[in-house]
Amino acid sequence: MKEINELNFSDDVKYSKSHEWAKISRDIVIVGLSDYAQDQLGEVVFVELPQNGDTLFKGDELGNVESVKAVSEIYIPVSGEILEINEGLEDAPELVNESCYENGWLVKVKPDDISELDDLMNKAEYLKMLKG
Amino acid sequence: MRYLPHTKEDIESMLKVAGQSCLDDLFNSIPDDLKITGSLDIPESLSEWELNDHMEELASLNIACKNYKCFMGAGSYDHYIPAVIPYLISRSEFMTAYTPYQPEVSQGTLQGIYEFQTMVTELLGMDIATASHYDCGTALAEACLIALRQNKKANKIAVSALTHPSHRQIIHTYISPSGYEIVEIPYTKEGLTDVKALEAMDDIAGISVQSPNFLGNIEDLSAFKAVADAKKILFITSFTESLAFGLLKNPGSFGADLVAGEGQSLGIAKSFGGPGLGLLAGTKKQMRNLPGRLIGKTKDANGDDGFVLTLATREQHIRREKASSNICSNNGLNAMTAAVYLATVGKIGIREIARQNHDKAIYLKKSLEMAGFESAFDTPFFNEFLMKAPEGFEQKRSALINDKCTFAGICIDKFYPELKHHYLFCATETISKKDIDQLAKEVK
Amino acid sequence: MIQQPGTSGLIFNEPLLWDKSRNGRCAISLPKSDVERDLLDENLTGDSPDLPQLSELDVVRHYTRLSQWNFGVDSGMYPLGSCTMKYNPKTNEVQASRQGFASAHPLSGDEFSQGALKLMYNLEQSLCQITGFPAVTLQPAAGAHGELTGMLIIHAYFAKKGKQRSKIIIPDTAHGTNPASAALCGYIPVNVKSGPMGILEPETIAAIMDEDTAGIMITNPNTLGLFEANIKKIAEIVHSKGGLVYGDGANMNAIMGIVKPGEIGVDVLHLNLHKTFSTPHGGGGPGSGPVAVNKVLEPFLPIPRIVKELDTYKFITDCPDTIGKIHTFYGHFGIMVRAYAYILSMGAKGLTDASKLAVLNANYIKESLKGTLNLPYDRPCMHECVFNDEFQAKNHITTVDMAKRLLDYGFHPPTIYFPLVVHGAFMVEPTETESKEDIDQFIDAVKAIAGEAEEDPEKLKKAPLLTKVTRLDEVAAARKPCLRG
């Protein structure tokens, strides 16, 4: 596992306490895992995601990420309908490790209320939380 | 005691290192009022000679001695076990190893079970087979739980009334604490599961049908698959006689989603009903829902092929209360036994064994008919079939056991009270024509 | 320095079965059929399964070579914590293979199965005596199956009382199967932490035990190898709220003839015949997990049960409160024969001595290695002791590196990364059947490896070096599962 200063934190996303990130792109929200989260998990071997069209509430379990010897739950940082899941992860779950802010995104959501993202953290706040 | 290597001097010097003055002091962390006073009320130790005598005396109280003729099946079958099987399986490297948690020194078990998984998928026509379960009943209960968990709307599972009675009871034990229920699919006068009755059932999460069924008859699985598809629910099949698929179409060819079976016929002694071998197989789609261990192929650091336990995140030690099952130890050595058996009989042998089972059963049925038995059904079967016995048969049957060590069928009215005086007969490759002729003469 | 058993020998390569297959070979010679061939309806018959085609020697060499890639108790010391890898006596195998046992059909009828019934009855009586409970079922097929049975009994008990409960307390030192077993009965596990001494404190339990909690699942000795000295007090707290105490008896090897769980507040307990009672583990079973219960829970035991009337034995199924059946027949009878043979061979004194010597061996290792490896709970242990890799962390050497290096020295590694309460756990259970010389060799090997961790850490990272294969890519195995050939 890396030290926090070795990790990469994108400026244009917002972070949740449970280490998911959310990015607003036009009127949809893209959700993924932070570099800290993927580093803690180790090599990801499987990602379990909901189905297109499912509706979830903020804080609901979005799915699971598995490494060889651990399973971690992922939570959705905004309420809404799942528009698209990252199907590339089925064959290449390692994208979560290799490109957590780009190709390793998890789902795209049509948010019910975009203001729900207001209480997420920006990069500085997130770093502060990680450093405790 | 020959299993305890410590000399008096060893004990003294080890106690010194441990900082204790006597063995009893090692237990000082246990409060005195929790300790027993006195000793266990268990007999003094026996020498190996005395043990042999005692055990042979017990073993001989079971009627399963020389000239043993077994015309019984019902989930436990008398098949020939080639000498290579116990010989190879008793190799201590297989027998005295633990679960292969350290793959570098467990490749024997791992490759062996990988080959087992492969041969089971071949036998059943399925994509994936697990590394084993306890027996067919527990594997089938797990399969029913998979179907129930996947269906959020229904909480009942439809199970054929011609599924092994013990298996139906186990399913009930496993699923009822979670609030699930079994509905039984009745059977027809042909001795087959009533597909019409099934069609009318609503609010079910899956269908489970045994074939050949408990009364020996071969079910038309395609009809049940059609119902499962129409209802958009999982189709589970089960079986107790794995050698049937040396001859019959396999469950995969009928589109089964999950298959649970008993593998005792594959080189494993009857051993009063256990340990047998639970088989559980599924389609690729069910891979992550299957409970129990799976072995996968991979590479080592040098790029050489090797095998490991894989997809462990489904299991209890990682997913804990969210695991697909609590199973940990399975019936590994019996899976290895079945693998050696399947490799021994091979493609040619399994066909011939299966044919001989079927042929002898046909001959036995004809012989019994001539001896005054009445055929219960006119339905195709593999190596088991149901007969209505003539009056006075039960007394003759007991005498045959006592005098000739011959077990002529199983009375099934305790399982199906409506089938009074009906006996389930079985013939395998271990029975000769002469044995059958002799039996027919005795029961006439 | 003691000479270590690990060395490299001639190790054969061996392909997969189907790579050896040649059309037309068959390793079984069947008698010619003496009855007419029946032509079954073509719609019912399928193709013969495409199994490998081999000669008998092909089969024998294949499995002989495979076996040589395995490490077993007969190969060397196997100090796998919480698994009790003791010697598996050979006479047990002879007893289980007697024709009267091995050929017995489960539906022969009580009258013709008196030997099997008597053996099972006697084994039940012995296990009652060892555990201090009045009744036992032998039906569960493995330890986890025993746990499930025990939890089903608890579930049935509350159902009968008319008020089901929703939670169960599970300490952090419990076995991994415990939460999964409880969940199968619909109970929500409530995790509790052990105290600073590595054992449960009564106050912790008192604070969370309520009338919606079915009870507690407690492993004693726990997975830190420590005796839960407050068990009686904890049981009183649980009982006072109407709850039940489930005992995980996987670690019974520490306390035979010393403590009877049935007498110290435990209500239901499972045993592992393949641990404490010497039956071989077989590379993953078959095991056997009998469950012992007190008088109140006896009516809920699975059916059939065995009763003795005068000098005959019979199965009974007429038990209205039973949880039902949990095995197609009566459980793993073949394993019961072995365990029974073990108990008779050991006798009362032998069993008690076994526990004493198992505890002696563990304490000897704990004291001998505590300067070499970090010992998070430095207290007298029972049959196992738990170290970790804290001393080696400065060289970036972890528990797994030391475990893999032990393979090169000719030892099976201890249980690693369990229990979860100890970070980087290295859990050693030597069992009573290891001699002082073998244990000294093990201690010496661990010390040598700790030395290598200082001087040549890279060597440990690459270990094992002498095994058939090196470290395997488990990530690739899980990402792209290849589960059949």
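List of remarks:
- CD proxy at 222 nm, helix term only [per DSSP H run n ≥ 4: -39500 (n - 2.57); per residue of chain A; nearest 500]: -4000 deg cm²/dmol
- Across B:Lys66/B:Lys420; A:Lys2/B:Lys299; B:Lys322/C:Lys167; B:Lys8/C:Lys370, pairs whose alpha-carbon gap is larger than 21 Å: B:Lys66/B:Lys420; A:Lys2/B:Lys299; B:Lys8/C:Lys370
- Candidates C:Ala207, C:Leu472, A:Cys100 compared by Cα position along the dipole of the protein assembly as shown: farthest toward the positive end lies C:Leu472, with charges placed on Cβ.
- Highest-fluctuation residue, B:Glu115, B:Glu374, B:Glu48 considered, GNM on chain B with Cα pairs under 10 Å: B:Glu48
- Over chain B, the reciprocal of the mean inverse Cα-Cα separation, the Kirkwood hydrodynamic radius, stands at 24.4 Å.
- The range C:1-77 and the range C:234-275 have Cα centres lying 44 Å from one another.
- Extents of chain A, taken as max minus min of Cα coordinates on every principal axis and listed largest first, are 36, 33, 22 Å.
- As a length-normalised measure over Cα pairs under 8 Å and 6 or more apart, the relative contact order of the range A:18-112 settles at 34 percent.
- Positive-end residue of B:Gly38, B:Leu26, B:Met55, charge dipole of the range B:16-61 with Cβ unit charges: B:Leu26
- Cα gyration tensor category, rounded, prolate or oblate, for chain C with a/c compared to 1.5: oblate
- Under 17 Å from the Cα of C:Lys163 - lysines, other chains or at least 8 residues apart: C:Lys241
- Calculated Rg and Dmax of the range C:17-96 using C-alpha coordinates, Å: 20.7, 58
- Put a plus charge on the Cβ of each Lys and Arg, a minus charge on the Cβ of each Asp and Glu, and nothing anywhere else: the dipole of the protein assembly as shown about its Cα centre is then about 1640 debye.
- Overall Cα dimensions of the protein assembly as shown, principal axis frame, Å, largest first: 90, 79, 64
- Cα gyration tensor category, rounded, prolate or oblate, for the range B:30-79 with a/c compared to 1.5: oblate
- Only Lys, Arg (+1) and Asp, Glu (-1) charged, at Cβ; the range C:180-302 dipole about Cα centre in debye: 340
- If R0 is taken as 35 Å, the Cβ-Cβ distance between C:Arg37 and C:Leu16 corresponds to a FRET efficiency of 0.55.
- In the range B:163-209, the inverse of the mean reciprocal separation of distinct Cα atoms equals 11.8 Å; this is its Kirkwood hydrodynamic radius.
- Dipole of the protein assembly as shown [Lys/Arg +1, Asp/Glu -1 at C-beta], most positive-end residue of B:Ala197, C:Asn374, C:Leu127: B:Ala197
- Estimated from helices alone, the mean residue ellipticity of chain C at 222 nm is -11000 deg cm²/dmol (sum of -39500 (n - 2.57) over DSSP H runs with n ≥ 4, per residue).
- Considering only B:Gln395, B:Gln286, B:Gln117, the mean-square fluctuation computed in a Gaussian network model of chain B, springs between alpha carbons under 10 angstrom, is largest for B:Gln395.
- Tail beyond 19 Å, pair distance distribution of the range B:102-197 (Cα, percent): 57
- For chain C, relative contact order (Cα pairs under 8 Å, six or more residues apart, normalised by length) works out to 19 percent.
- Residues B:Arg293, C:Arg338, sorted so that the one with the fewest Cβ neighbours within 10 Å comes first: C:Arg338, B:Arg293
- Ignoring lysines fewer than eight residues from B:Lys231 along the same chain, the ones with Cα atoms less than 22 angstrom from its Cα are B:Lys152, B:Lys153, B:Lys156, B:Lys196, B:Lys284, B:Lys285.
- Taking the Cα centre of chain B as reference, the dipole from Cβ charges on Lys and Arg (+1) and Asp and Glu (-1) amounts to some 1580 debye.
- Here the relative contact order of chain B, from alpha carbon pairs under 8 Å that lie six or more residues apart, stands at 20 percent.
Since every read-out is calculated from the coordinates, none of them should be taken as a lab result. Here the structure is a predicted model, which is why all the values come from computation and not from measurement. Cβ atoms come from the backbone with ideal geometry, glycine included; neighbour counts cover every protein chain shown.
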